[in-house]
Structures are given as structure tokens and as C-alpha cells.
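What follows is calculated from the coordinates using simple rules that are stated; it is not laboratory data. Remember, it's a predicted structure, so these values are computed and weren't measured experimentally. Cβ sites come from the backbone with ideal geometry, for glycine too, and all protein chains shown count toward neighbours.
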Amino acid sequence: METTLILLKPDTVQRWLIGQIISRFENKGLKIIWMKMMNLSEEIINEHYDFLADKPFFPKIKSYMTSAPVVAMAVSWTNVIKTVRILTWATNPAEALPGSIRWDFALTIDWNVIHASDSEETAQIELKRFFKEWEITNYTKISDETVG
Ligand code: CMP
């Protein structure tokens with residue numbers, strides 16, 4: 001099983017969308033193994049968006065990501081990284097597919113409601129970044145047996 005990091009961003013929290021977006025993952029049968037609401041420090045934002053530090057929109061990302069808490073989640077399933085990226089779709093909601101989370105909920109590329117790890121390697125780094133006290137919630141879901 002793979003695990004990925006998902007962040008429900010401040011606009012999701014502000015717009016009462018937390019439940020609707022989590023439902024997308026539950027409806028798909030993915031296994032939530034960790035979830036917490038947290039305020040992001042400048043340090044964690046600098047680390048998480050280091051690859052965008054020289055972009056003109058970086059200050060906007062910082063003020064957006066500190067404008068309200070985020071909900072950080074670790075979600076597991078076979079091929080979960082690809083599955084979640086399909087559910088989420090393009091960074092820019094204008095380029096997302098109808099029915100995807102970003103098409104259905106996101107307003108703009110700046111306020112795009114969700115972050116999801118883009119590869120297994122990134123997921124490992126991001127999970128450790130957001131869950132320093134990394135302890136996967138250990139429970140068996142009845143559907144676990146169906147996953148190879
Ligand atoms: P995310 O998937 O969290 O990764 C990088 C974030 O930068 C992206 O979502 C957007 O919220 C944000 N962003 C803002 N403007 C841009 C842009 N022009 N191109 C790419 N990402 C942008």
C-alpha cells in the first residue's frame with residue numbers, strides 16, 4: 001500500500017468544504033490513517049514551497065497558507081498517489097476536469113483548495129514534514145483484504 005500527504009488548504013476551511021472534500025476520498029474507499037488541523041509556521045511553508053521560492057507569486061502563497069489552518073491528512077491505498085491526483089486534477093482549476101475536486105470547488109490557481117503529493121518520493125518527504133511524530137494510526141479496515 002502507498003501513502004500520500006493531502007493538505008486541505010485555508011480556503012477549504014473557510015468555505016465549509018472540509019467534509020465535502022473528505023467525502024471524495026471516503027467515497028473512493030481510500031483509507032485515512034492520520035488527520036489533524038494545524039496552523040502552518042513560516043518555517044514549514046518555506047520548506048514545503050522551497051521549489052517556488054523565486055516565483056513572483058511566492059509571497060501570495062505564504063499569506064494564503066497562513067490565513068487560516070489547514071487540515072493535513074495521510075491517506076493510504078494501492079496507487080493512492082495517482083488516484084488522489086486524478087481526484088484532485090490540475091493545479092489550475094480552469095484546467096481541471098469537471099467532477100474533480102479542483103473543478104468543483106477551487107476558485108483560482110491561488111485558492112485551489114487542496115495539495116496532494118505528486119510522487120512516492122515526494123510523499124515520503126512531505127509525510128515526515130507534516131507528521132514529525134510519525135505514527136500511523138494502526139487499524140484494520142474491512143476493505144484492507146481486497147488490496148494486494
Ligand atoms: P500546490 O499543489 O499546493 O503546489 C504549489 C502551489 O502554488 C499551487 O498548489 C498553487 O496553490 C500555488 N500557485 C499560485 N500561483 C501559481 C502559479 N502561477 N503556478 C503554479 N502554482 C501556483
Amide H partners (placed H, <5 Å) of residue 34, local residues excluded: 74
Helical mean residue ellipticity (222 nm; -39500 (n - 2.57) per DSSP H run of 4+; nearest 500) of the chain: -10000 deg cm²/dmol
Separation between Cα centres of the stretch 1-38 and the stretch 81-134, rounded to whole Å: 10 Å
Among 3-11, 41-49, 100-108, the order from most to least packed when residues are scored by Cβ within 10 Å on average: 3-11, 100-108, 41-49
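Net charge around residue 143, counting only other residues with Cβ within less than 12 Å of its Cβ (Lys, Arg = +1; Asp, Glu = -1)? Before the final figure, lay out the partial values.
Details: positive: 28, 31, 141; negative: 26, 144, 145.
That sum, taken over residues with Cβ under 12 Å, equals 0.
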Pairwise label distance in nanometres, residue 109 with residue 145, each label 7 Å out on the Cα-Cβ vector: 4.8 nm
Highest-first arrangement of 28-35, 84-91, 71-78, 13-20, where packing means the average Cβ count within 10 Å: 71-78, 84-91, 28-35, 13-20
Filter on 9/128; 62/128; 28/82; 60/132; 55/128; 55/82 - keep pairs with C-alpha separation over 22 Å: 60/132; 55/128; 55/82
Table column - 3J(HN,Hα) (Hz), the stretch 67-73, Karplus curve with 6.51, -1.76, 1.60, x for Gly and Pro: 6, 6, x, 10, 10, 9, 9
